[in-house]
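To keep things clear, I will list the structure first and then write my remarks on it.
The values are calculated or read from the model by the stated rules, or taken from the named source; none is laboratory data. These figures come from a predicted structure and were not determined experimentally. Here the Cβ positions follow ideal geometry from the backbone for every residue, glycine too, while neighbour counts run over all protein chains shown. Calculation scope for accessible area: heavy atoms of the full protein, side chains included, ligands and nucleic acids excluded. Shrake-Rupley method; radii C 1.70, N 1.55, O 1.52, S 1.80 Å.
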Amino acid sequence: MTATINVRNPRTGKNDYTITPPSASELALRCTQLREAQVAWQENGVEYRISVLQKWKEAATRHKTSLQEALIHDTGRKWESILEADLLFSSIDRWCRLGREFFTEQASKPSHVPFIEIRQDVQPFPLVGVISPWNFPLLLSLIDAIPALMAGCAVIVKPSEITPRFVKPMMQIIEEVPELASVLVYVEGAGETGGTIIQNVDLVCFTGSVATGRHVYKAAADRFIPAFLELGGKDAALVFEGANLDHATSSLLWGSTANAGQSCLSVERIYVQQSIYTDFLEQLTAKAQKLSFCYPDIDTGKIGPIISEKQVAIINDHLHDALQKGAQILTGTGQCEEHGGGMWCFPTVLTNVNHNMKIMTEETFGPILPVMPFQDENEAVAFANGTIFGLSGAVFAKSHEEAHRIGLRMHCGAISLNESALTAIIHEGEKQSFKASGIGGTRMGAAALKRFVRQRTFLTKVQNVVSPWWY
Ligand code: NAD
């Protein structure tokens, strides 16, 4: 368990960093310390927690550059790393605001028995474990941790072993705020460390693949602790006659290829009404061709490297499978390319695709745009919903009302109307993942705080009467 893990650099392909996971007993000890510190964290109240989180934001702002540099090193891309750090700062403010609203004291209320009054409060789960993936390493390590802290929990975070370089600067930032350092700890490690965390916490928030999510859910069930799972997707976009094609193609190009397609909420299937199919493909292809890699200069181009080596194999397999089954390639080379030791995938527009291909049914997690025609609305909706996943989707139509009407028929948790992948930017809308894309309450919006507390009721007899149900 304490064996060192080598970490690959996505731009050079070389192992240039190592992490050493804690032993199971070290991890258990840290969890005990976190539990001890959580008592005061909860008792000191919401205004105290807000003031500490604000100090953390100030410390993070002072060290923003070192955090961003580590993230860039982790992921090989720059623009998205800057965005991740910025989203962290704005989310601290948002949770402080929502926390204050959520924790306003509730007045007593009468029950249906006239002499019994009800008072309620909420009790945080003492220790929350967060296990996160590599595609947005900083953002996804904190997306559940910040509301959990706000709710009064202590938190232990285990980010992905594929992108752990940001952990060191983040720990330094946290250590500058001792009140926070006692209730927020990052640990490095891979699956085994994730498994040990589940054995030591009271609630687990997991973001990652469906396959690992299944293990996590079973391990949590064995301990009777809640598990909130945010898993993979195969998001569909539907483009109808009457939609603005210039706008739709620009939006979908971004929605499919931002972060080189390495987003759970990337658009991975595009269905276009037959009557506009040719025009749509022409516009999309022309725009995709203009994109370029952020290589050799990280400051140029839009498409970063494929961060995980394992993902390169999956993208290549899906492309190979599609091309072998008759897909036609309009942009890209049909496989990931090696440049300077890193692996890169050019935005790939595919046509002549069908649902016997992995590229249309399994999560690819790359900048691939398979486009398929549909005849009518019923067929479009059936295509979109014909998947084990239910994360998000998009509808482009002649008006927002029409897009909304069609969106109501989609079986997923967030639907962008005349835009795509908007949950990458907007985190306030409450939403849940459908089907294999996840389980549990919303991680966005005020209701997300409810996941981290248990509700408690106090029942008081307010009149000195004989209770009629007594013997
Ligand atoms: P992954 O499932 O391989 O790993 C995720 C995390 O789980 C890592 O920290 C890993 O070390 C840990 N882990 C592995 N085995 C474990 C075990 N047995 N017990 C406990 N922890 C274990 O996923 P990944 O490849 O890092 O991330 C990509 C996946 O994440 C994609 O499927 C993507 O769609 C999904 N994702 C989902 C969302 C969302 O919000 N729904 C967001 C981002 C990514």
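Of all residues in region 208-231, which are in a loop (DSSP other than H, G, I, E, B) and surrounded by fewer than 24 Cβ atoms within 10 Å (Cβ to Cβ)? Residues satisfying the conditions are GLY208, SER209, ARG223, PHE224, ILE225, PRO226.
From (1) open to solvent by 50 Å² or more (accessible area, probe 1.4 Å); (2) modelled with pLDDT of 95 or more; (3) in a helix (DSSP H, G or I), pick out the condition that doesn't hold for VAL46. Just one mismatch for VAL46, condition (1). Here is the figure for region 330-340: residues that are in contact with a strand residue (DSSP E or B) (Cβ under 8 Å, 6 or more places away or on another chain) and open to solvent by less than 60 Å² (accessible area, probe 1.4 Å) total 7.
Residue pairs whose Cβ atoms lie under 7 Å apart, sitting 6 or more positions apart in sequence or on different chains, and linking a residue in region 162-190 that is at positive phi and within 16 Å of the ligand (Cβ to nearest atom) to a partner that is of a type outside the set (Val, Ile, Thr) and outside any loop (DSSP other than H, G, I, E, B), are GLY189/LYS158.
Answer with yes or no whether ASN6 is over 26 Å from LEU127 (Cα atoms) and open to solvent by 20 Å² or more (accessible area, probe 1.4 Å). Write out each step before concluding.
Working: over 26 Å from LEU127 (Cα atoms): yes; open to solvent by 20 Å² or more (accessible area, probe 1.4 Å): yes.
When the stated conditions are applied, ASN6 passes them.
Residues in region 341-376 that are within 23 Å of THR278 (Cβ to Cβ) and either open to solvent by less than 40 Å² (accessible area, probe 1.4 Å) or in a strand (DSSP E or B) (or both): 18 in all. Might you check whether a residue that is closer than 24 Å to TRP95 by Cα, within 12 Å of the ligand (Cβ to nearest atom) and crowded, with 18+ Cβ neighbours inside 10 Å occurs anywhere in region 232-252? The answer is no; no qualifying residue exists.
So for region 300-320 (the condition being in a loop (DSSP other than H, G, I, E, B), touching a residue at least 40 places away in the same chain (Cβ under 8 Å), among the hydrophobic types (A, V, I, L, M, F, W, C) and open to solvent by 50 Å² or more (accessible area, probe 1.4 Å)), does at least one residue qualify? Write out each step before concluding.
Here is the first cut: in region 300-320, the ones in a loop (DSSP other than H, G, I, E, B) are 300-302, 304-308.
From the residues that got through so far, the ones that are touching a residue at least 40 places away in the same chain (Cβ under 8 Å) too are 302, 304-308.
Of the ones still in play, those that are also among the hydrophobic types (A, V, I, L, M, F, W, C) are 306-307.
Next cut, open to solvent by 50 Å² or more (accessible area, probe 1.4 Å) only: none.
Within region 300-320, none of the residues are in a loop (DSSP other than H, G, I, E, B), touching a residue at least 40 places away in the same chain (Cβ under 8 Å), among the hydrophobic types (A, V, I, L, M, F, W, C) and open to solvent by 50 Å² or more (accessible area, probe 1.4 Å).
With respect to GLU101, determine if the residue is surrounded by fewer than 19 Cβ atoms within 10 Å (Cβ to Cβ), among the charged types (D, E, K, R) and on the phi < 0 side of the Ramachandran plot. Yes: the conditions hold for GLU101. Residues in region 171-207 that are assigned to a helix (DSSP H, G or I) and either modelled with pLDDT under 95 or among the small types (Gly, Ala, Ser) (or both): 4 in all.
Exactly one residue out of ALA148, ALA107 is more than 16 Å from the ligand (Cβ to nearest atom) and either in a loop (DSSP other than H, G, I, E, B) or under 19 Å from the mean Cα position of the chain (by Cα) (or both): that is ALA107.
Listed here are the residues, each with its yes/no results for (1) within 16 Å of the ligand (Cβ to nearest atom); (2) free of Cβ contacts under 8 Å to residues at least 12 places away in the same chain; (3) of a type in the set (Val, Ile, Thr); (4) assigned by TED's automatic domain parsing to the domain that holds PRO10.
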residue: CYS345; (1), (2), (3), (4): yes, no, no, no
residue: ASN352; (1), (2), (3), (4): no, no, no, no
residue: HIS355; (1), (2), (3), (4): no, no, no, no
residue: LYS358; (1), (2), (3), (4): yes, no, no, no
residue: THR361; (1), (2), (3), (4): yes, no, yes, no
residue: GLY366; (1), (2), (3), (4): yes, no, no, no
residue: LEU369; (1), (2), (3), (4): no, no, no, no
residue: PHE374; (1), (2), (3), (4): no, no, no, no
residue: ALA382; (1), (2), (3), (4): no, yes, no, no
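Restricting LEU83, LEU88, LEU71 to those that are within 16 Å of the ligand (Cβ to nearest atom), open to solvent by 30 Å² or more (accessible area, probe 1.4 Å) and in a helix (DSSP H, G or I) reduces the list to LEU83.
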